[in-house]
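Take a look at the structure below.
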Amino acid sequence: MGAAATFGVPAVLAGCGSGAPSPAPSGSGGGLGTVTIGSNASDEIPKKTLDTVLKGFTQAATRINTVDHNTFQENINRYLRGTPDDVFTWFAGYRMRFFAEQGLATDISDVWQEIGGGYTQAFKDQSTGADGKQYFVPFTYYPWAVFYRKSVWADKGYEPPATLDELTALAGRMRADGLIPIAFADKDGWPAMGTFDILNLRTNGYDFHISLMAGQESWTDPRVRQVFDTWRGLMEYHQPAALGRTWQEAGQSLAQKKTGMYLLGMFVAQQFPEADLDDLDFFTFPEINPAYGTDSIDAPVDGYMISAKARNVDGAKAVLKHLAQPSSQDIATKLDPGTLAAGSGADTSGYSALQKRGAELVSKATHIAQFLDRDTRPDFASTVMIPSLQSFVGEPAEIDSLLSSIEKQKANIFR
């Protein structure tokens with residue numbers, strides 16, 4: 001993350017260890033049998049990336065079982081308690097530790113003895129369980145920021161805002177110029193979490209945000225109410241009918257110059273034609289509270305774990321060592337312009353201008369959050385926060401009753 005960064009199912013998942021038909025194994029075989037990999041890389045570019053990286057793995061055959069990203073994430077608990085694949089894609093930090101503590105992941109501390117020199121301490125910390133053992137291998141990461149097309153902004157004379165007031169004024173100018181100011185989508189439930197995260201980080205700071213995610217603060221606290229008040233004030237500039245729109249569709253509206261800016265992860269680049277990628281740029285979400293400035297961002301880390309029920313542990317560990325190699329991560333960042341390599345040995349000389357800017361943004365951040373659904377319990381994120389944020393997006397005037405409902409449900413989950 002850069003020297004300055006600190007990191008703080010059975011049949012439901014068809015194909016992921018469920019007994020459903022799987023693709024034929026790929027790779028040259030080697031002596032370690034076949035390794036099955038449960039993947040949520042269902043979009044075209046991430047799917048191609050994983051397939052390409054594993055084509056270079058020669059110690060075992062691999063079978064990738066790909067499931068829609070949201071389905072995989074919402075059913076991960078049942079999947080890991082059922083008949084999971086040997087290796088599965090997952091997330092660093094709290095969500096990794098949650099499943100490690102449940103006994104659903106395999107200790108890979110021995111793998112880290114070999115690969116540890118290729119990662120910063122910050123990445124190792126995000127891969128370490130509460131018991132001090134490692135359970136996760138980081139692969140790629142991506143910062144969240146506000147993205148825009150340079151050509152559109154140059155044509156209109158727009159400048160990146162430094163404060164919330166400047167952002168609101170800019171949104172007003174965009175609307176007057178015939179643009180929808182802020183692209184927005186929440187059909188899948190998780191994108192709105194990014195908006196909540198950054199507003200809370202900017203308003204109340206990193207420590208409060210992480211404490212809230214851990215169930216240690218009240219959702220009826222006036223500080224949380226202020227976040228939703230601020231968000232409601234921005235709603236008039238959001239792309240309407242967000243609950244019927246996917247993030248990909250919102251990203252395409254930015255690419256098509258129909259919207260002026262979009263708060264999302266750097267993976268929004270996947271929705272831009274290759275010829276237009278140089279026209280994509282971003283700024284970090286502006287200051288709201290001078291006490292915190294812009295010191296915090298979301299920069300989720302994606303990677304791989306071995307399930308506790310893995311049938312081919314030796315082969316699975318070999319796969320993780322392969323994924324940790326700089327050459328593997330170099331393939332990923334070349335194929336996917338919206339990602340950065342987690343390993344410190346990766347070749348960044350081939351990074352696009354956007355990727356270099358992304359790496360710089362992360363390196364300068366004082367605090368890095370992993371994203372709402374990764375910084376809290378998965379059951380709280382899925383069963384409480386997704387419907388609650390979608391309810392807010394649909395009815396932004398109903399704040400007090402919404403926060404009371406979240407708090408009541410939180411109390412039943414965080415015991």
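The values are calculated or read from the model by the stated rules, or taken from the named source; none is laboratory data. The structure presented is a predicted model; accordingly, all values stated were derived computationally and were not measured. Positions of Cβ are backbone-derived with ideal geometry, glycine not excepted, and every protein chain shown enters the neighbour counts. Accessible surface areas use protein heavy atoms only, side chains included; no ligands, DNA or RNA. Shrake-Rupley method; radii C 1.70, N 1.55, O 1.52, S 1.80 Å.
With the Cα gyration tensor of the stretch 245-358 in hand, give its eigenvalues times 5 under a square root as the equivalent ellipsoid semi-axes, listed largest first in whole angstrom. Working shown, then result.
Numbers: eigenvalues 187, 68, 50 Å².
Those come to 31, 18, 16 Å.
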- Query: Where does the charge balance sit around Q113 when Lys and Arg score +1, Asp and Glu -1, over other residues with C-beta under 14 Å from its C-beta?
  - Reply: +1
- Query: Which links in K124/K187; K187/K309; K48/K187; K317/K364; K124/K334 stretch past 27 Å when you go from one Cα to the other?
  - Reply: K124/K187; K187/K309; K317/K364
- Where Rh denotes the Kirkwood radius from the mean inverse Cα pair distance, what is Rg over Rh for the stretch 102-226? 1.09
- Quick one: which residues, 5 or more positions from Y119 or on another chain, have an amide H under 5 Å from its amide H? H modelled 1.01 Å from N in the peptide plane, none for Pro or chain starts. S344
- So for the chain, what percent of the C-alpha to C-alpha distances run longer than 39 Å? 16 percent
- Find the Cα radius of gyration of the stretch 200-269, compare it with 2.2 N^0.38 Å by division, and give the number to two decimals. 1.37
- Query: Which Cα, out of V137, L167, V268, lies furthest along the positive dipole direction of the chain (beta carbon charges, K/R +1, D/E -1)?
  - Reply: V137
- Message: What are the equivalent ellipsoid semi-axes of the stretch 188-327, built from the alpha-carbon gyration tensor (square roots of five times its eigenvalues), in whole angstrom, biggest first?
- Response: 31, 25, 15
- What FRET efficiency, computed as 1/(1 + (r/R0)^6) with R0 = 25 Å and r the Cβ-Cβ distance, is obtained for E44 and S327, rounded to the nearest 0.05? 0.65
- Item | Using a Förster distance of 45 Å, the FRET efficiency for D131-T230 (Cβ separation, nearest 0.05) | 0.70
- Message: At 25 °C and a viscosity of 0.890 mPa s, what translational diffusion coefficient does Stokes-Einstein give for the stretch 46-111, taking Rh as the Kirkwood radius over Cα pairs? Give it in µm²/s as a whole number.
- Response: 180 µm²/s
- the stretch 67-108: which trypsin sites (Lys or Arg not before Pro) are DSSP loop and have at most 15 other beta-carbon atoms within 10 angstrom? none
- Message: Once you compute Rg and the Kirkwood Rh from C-alpha atoms, what is the Rg to Rh ratio for the stretch 334-415?
- Response: 1.17
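Using mean Cβ contacts within 10 Å as the protection proxy, how do 59-65, 221-227 order, highest first? Don't skip to the answer; put the middle values down first.
Working: 59-65: 22.1, 221-227: 16.3.
Highest to lowest by the protection proxy: 59-65, 221-227.
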- Query: Nearest 20 debye, what's the magnitude of the dipole of the chain about its Cα centre given +1 on Lys and Arg Cβ and -1 on Asp and Glu Cβ?
  - Reply: 660 debye
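Leaving out ligands and nucleic acids, note down the accessible area per residue over the chain with a 1.4 angstrom probe, in whole Å². Walk me through the numbers on the way to the answer.
On the way: 15840 Å² over 415 residues.
For the chain, the solvent-accessible area averages 38 Å² per residue.
Give, as a single signed number, the net charge of other residues whose beta carbon lies under 12 Å from the beta carbon of I386, with Lys and Arg counted +1 and Asp and Glu -1.
On the way: positive: K187; negative: E74, D186, D188, D373, D379.
Net charge in that neighbourhood comes out at -4.
Counting only other residues whose beta carbon sits under 14 Å from that of L354, what net charge do I get with K and R as +1, D and E as -1?
Values: positive: R149, K150, K334, K356, R357; negative: E274, D276, D278, D279, D281, D336, E360.
Summing Lys/Arg as +1 and Asp/Glu as -1 gives -2.
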- Specify the inter-centroid distance of the stretch 324-338 and the stretch 257-306, based on alpha-carbon positions, in whole Å. 19 Å
